[in-house]
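Single-structure report; data block below.
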Amino acid sequence: MSKSAFAQTIISKLKSSIGTSGKDYSAGSASAAMSAVAAGITEYLIANTTVMVAYVGIIPGTPPVPDPLVTDTFKIIGSCAPTGPSNSFDSWIRQIESNIIAGFQLAPKGNAGLVFAQMPFAIPGIVTTQANLTATHDVSDEDPQQKVWEVVCGGIMDWINSLAMNVTPGAATHPTAPSTGTATITKITIT
């Protein structure tokens, strides 16, 4: 997938929610649009984000032994809350970022069976600004949505793939071993 597919997901949600004709917009259209954007972000992030985790666990016994499971991959669950209407793109993108950080956690169990209750995102840093959108928009475009949303989605993806990651270690378990230990997120990839 890509920023193009991410943008198409959001555009599809917007078209379903508020349509494409300005004459049909109402007082509730802005809120409905923000709900649609949040739904598109949620759908794309859940479907396309993978979190790599390192694990150090001990299987109790005499003597206790290290768990051979040292890595696992997780999907994410949760949702991006709608922002509500905004008069400033720069404050709106900060709110989207905050809602992504607050709205998602690791799935209850990793692919290899690790249980690690952790929020995957912690560090703000989306660098997309209104100036980026202005530079992308061409007044001769019949429908600039795709290009503009690609800039927004690309910024979110760049942030998630780089510095958004929560690197705080936390308690984890591997119930089938059974072991307990500590896990740390090592990489997050959104494609």
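Key figures for this structure:
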item	result
Considering residues of the stretch 33-50 that are over 14 Å from Gly103 (Cβ atoms) and either open to solvent by less than 20 Å² (accessible area, probe 1.4 Å) or among the basic types (Lys, Arg) (or both) only, the residue modelled with the highest pLDDT	Ala36
The stretch 116-135 - residue that is part of a loop (DSSP other than H, G, I, E, B) and not β-branched (Val, Ile, Thr) and, of those, farthest from Ile76 (Cα to Cα)	Gly125
Verdict on Ala117 being of a type in the set (Gly, Ala, Ser), surrounded by 14 or more Cβ atoms within 10 Å (Cβ to Cβ) and in contact with a Leu (Cβ under 8 Å, 6 or more places away or on another chain)	no
Any hit, the stretch 94-115, residues being closer than 15 Å to Ile41 by Cβ and assigned to a strand (DSSP E or B)	yes
The stretch 87-111 residues that are more than 15 Å from Gly125 (Cβ to Cβ), paired with ones that are among the charged types (D, E, K, R) and open to solvent by less than 20 Å² (accessible area, probe 1.4 Å) (beta carbon under 7 Å, 6 or more apart)	Gly110/Asp72; Asn111/Asp72
Val167 vs. criteria of a type outside the set (Gly, Ala, Ser) and out of contact with any strand residue (DSSP E or B) (no Cβ under 7 Å at 6 or more places or on another chain)	no
Single condition Leu133 does not satisfy, out of (1) under 13 Å from the mean Cα position of the chain (by Cα); (2) closer than 30 Å to Gly28 by Cβ; (3) of a type in the set (A, V, I, L, M); (4) open to solvent by less than 40 Å² (accessible area, probe 1.4 Å)	(1)
Test: Gly125 is within 20 Å of Tyr44 (Cα to Cα) and surrounded by fewer than 17 Cβ atoms within 10 Å (Cβ to Cβ)	yes
All positions within the stretch 137-191 that are open to solvent by 80 Å² or more (accessible area, probe 1.4 Å), of a type in the set (S, T, N, Q) and assigned to a strand (DSSP E or B)	Thr180
Qualifying residue in the stretch 31-49 (condition: over 17 Å from the mean Cα position of the chain (by Cα) and of a type outside the set (A, V, I, L, M))	yes
Scope the stretch 76-88; condition of a type outside the set (Gly, Ala, Ser), surrounded by fewer than 18 Cβ atoms within 10 Å (Cβ to Cβ) and part of a loop (DSSP other than H, G, I, E, B); matching residues	Pro85, Asn87
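The values are calculated or read from the model by the stated rules, or taken from the named source; none is laboratory data. This is a predicted model, so every value here is computed, not measured. Here the Cβ is made from the backbone with ideal geometry for all residues, glycine too, and neighbour counts use every protein chain on show. Accessible surface is based on the protein model in full, side chains and every heavy atom, while ligands, DNA and RNA are left aside. Shrake-Rupley method; radii C 1.70, N 1.55, O 1.52, S 1.80 Å.
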